[in-house]
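Some notes on the structure that comes next.
The values are calculated or read from the model by the stated rules, or taken from the named source; none is laboratory data. Small disclaimer: the values here were computed from a predicted structure and weren't measured. Please note: Cβ atoms are built from the backbone with ideal geometry, for glycine as well, and neighbour counts cover all protein chains shown.
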């Protein structure tokens, strides 16, 4: 039963994730604040939220019945660690970043509303799941489980820093929106490359290259936009604000 459920979750996860990862590039490459940016950005964010839920369900199946869900692997501790607890953490991180990206835009004129219990709770759960992944990674001596949580600590920490800013500058929500959206894309691409490898090329499942490529590309996108100031300076703040509203 668990294996059947897991396989069907994987199929839906792949379909929704593939759509979301394709949609990711429209708001990243296209004109900021336009109709396509808003529409495809929302589709991407909701795809990431949905996939976060499916990732959590797949992780639960793995934790309950590790060997049948991953028949090509034999190390139960490794399966539970990487494909159970770390997948759960990455699913939560992806959903948290997507939610933050949507929420800061929704509350651009009412910053205090960013402090609602669900938004703050998502950051707390991200930290808790990252800490759990780190501790278990140390216990089983798995470097990826030790390294990956620091991304979650940084993401949740910077999100909370913005959420509790007394009076952030008027452009800050755009920066947060872009940073969190790209971060969700990085997280999902990482999971797709790394966890997909275990099904089709298990010998490369823990290859650091598979885990680092999405992060390098995502950080390059953030740095490029920051350098060009594509989000606000290129078109002028007034134009971007008008488009965002």
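Checked against (1) closer than 26 Å to residue 158 by Cα; (2) more than 13 Å from the chain's Cα centre (by Cα), residue 96 passes all but a single condition, namely (2). Residue 103 meets each of the listed conditions (1) surrounded by fewer than 17 Cβ atoms within 10 Å (Cβ to Cβ); (2) without any contact (Cβ under 8 Å) to a residue 40 or more places away in the chain apart from (1).
Here's the yes/no breakdown for (1) under 28 Å from residue 46 (Cβ atoms); (2) at pLDDT 90 or above; (3) touching a helix residue (DSSP H, G or I) at 6+ places or on another chain (Cβ under 7 Å):
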{"position": "140", "(1), (2), (3)": "no, yes, yes"}
{"position": "153", "(1), (2), (3)": "yes, yes, yes"}
{"position": "183", "(1), (2), (3)": "yes, no, yes"}
{"position": "195", "(1), (2), (3)": "yes, no, yes"}
{"position": "201", "(1), (2), (3)": "no, no, no"}
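Do we have residue 123 as surrounded by 15 or more Cβ atoms within 10 Å (Cβ to Cβ), without any contact (Cβ under 8 Å) to a residue 60 or more places away in the chain and touching a helix residue (DSSP H, G or I) at 6+ places or on another chain (Cβ under 8 Å) here? When the stated conditions are applied, residue 123 passes them. Residues of region 158-169 that are without any contact (Cβ under 8 Å) to a residue 40 or more places away in the chain and touching a helix residue (DSSP H, G or I) at 6+ places or on another chain (Cβ under 8 Å): 158 alone. All told, residue 130 falls short of being closer than 18 Å to residue 190 by Cα, without any contact (Cβ under 8 Å) to a residue 24 or more places away in the chain and under 15 Å from the mean Cα position of the chain (by Cα).
Only one entry of 41, 20 meets the criterion of being touching a residue at least 60 places away in the same chain (Cβ under 8 Å) and over 30 Å from residue 146 (Cβ atoms), and that entry is 41.
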